[in-house]
Amino acid sequence: MPHQKGTQGEPLPVCEFSTGPYVLVRIWTAQHFRRETEMLCHCLGSSALQFYTDAVARREKEIFSLRRIGRAHESQLTLDFSPTLKLVTQVRGAGNRVPRPRDKCIDALIACLEFLARGTAFDAAGKPYVRGARYILFTEVRFFVDPAIFEEIGLRVVPSLRQR
């Protein structure tokens, strides 16, 4: 469920992966966004904090954190998903870096994207649904040689928001 909390004020995982010691966590509060920014040094919880908290409250965005399971549950990547557009608009790592195919968490990222496209989620009432992601912006995957990777999991790479 989207607004349940786990231990120490952390949101509960929405998906765990067989691709390594990673978990996908949905984050939605200013506190979550600030923590994500502390770990990855990007604008989510600082200069863009109000924008993201408002967009999440209006259900225009869902923000996810791909975390390495361990003592600190270290964030590896932040994913920005627009449920109305069915579009993954950003995937960013430390320092706002776009992921590259050689990154250690890349298999988990592909699994995350597949989950956003095909995985079962639950609304606030506990009713199951599929998010149904259909697109990902080219800017987020420009370092991947073969876009067929994304087509195989049901995502079409688009150059801009206008060309969906």
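For the chain, modelled as a GNM whose springs connect Cα atoms under 10 angstrom apart, the maximal fluctuation among Ile136, Ile63, Ile149 occurs at Ile149. Expressed as a whole percent, the proportion of Cα-Cα pairs in segment 48-164 lying more than 18 Å apart is 52%.
About its Cα centre, segment 7-156 has a charge dipole of approximately 120 debye under the convention of +1 per Lys or Arg Cβ and -1 per Asp or Glu Cβ, with nothing else charged. Note on the chain: Lys pairs 8 or more places apart or on different chains, Cα atoms under 21 Å apart, count 5. When +1 charges are put on Lys and Arg Cβ atoms and -1 charges on Asp and Glu Cβ atoms, the dipole computed for segment 71-164 relative to its Cα centre reaches about 220 debye.
Amide H contacts for Leu77 (H built 1.01 Å from N in the peptide plane; partners 5 or more residues away or on another chain; cut-off under 5 Å): Leu66.
Just the number, please: percent antiparallel of the DSSP beta bridges in the chain, rounded to the nearest 5.
Details: 25 of 30 bridges.
DSSP beta bridges in the chain are roughly 85 percent antiparallel.
The GluC sites (Glu not before Pro) found in segment 34-140 that occupy coil by DSSP, while having at most 14 further C-beta atoms within 10 Å, are Glu60.
Only the coordinates and a few stated rules stand behind these numbers; no lab work does. In this text, all values refer to a predicted model and were calculated from it rather than measured experimentally. Because the Cβ atoms are built from the backbone with ideal geometry, glycine has one as well, and the counts that use them run over all protein chains shown.
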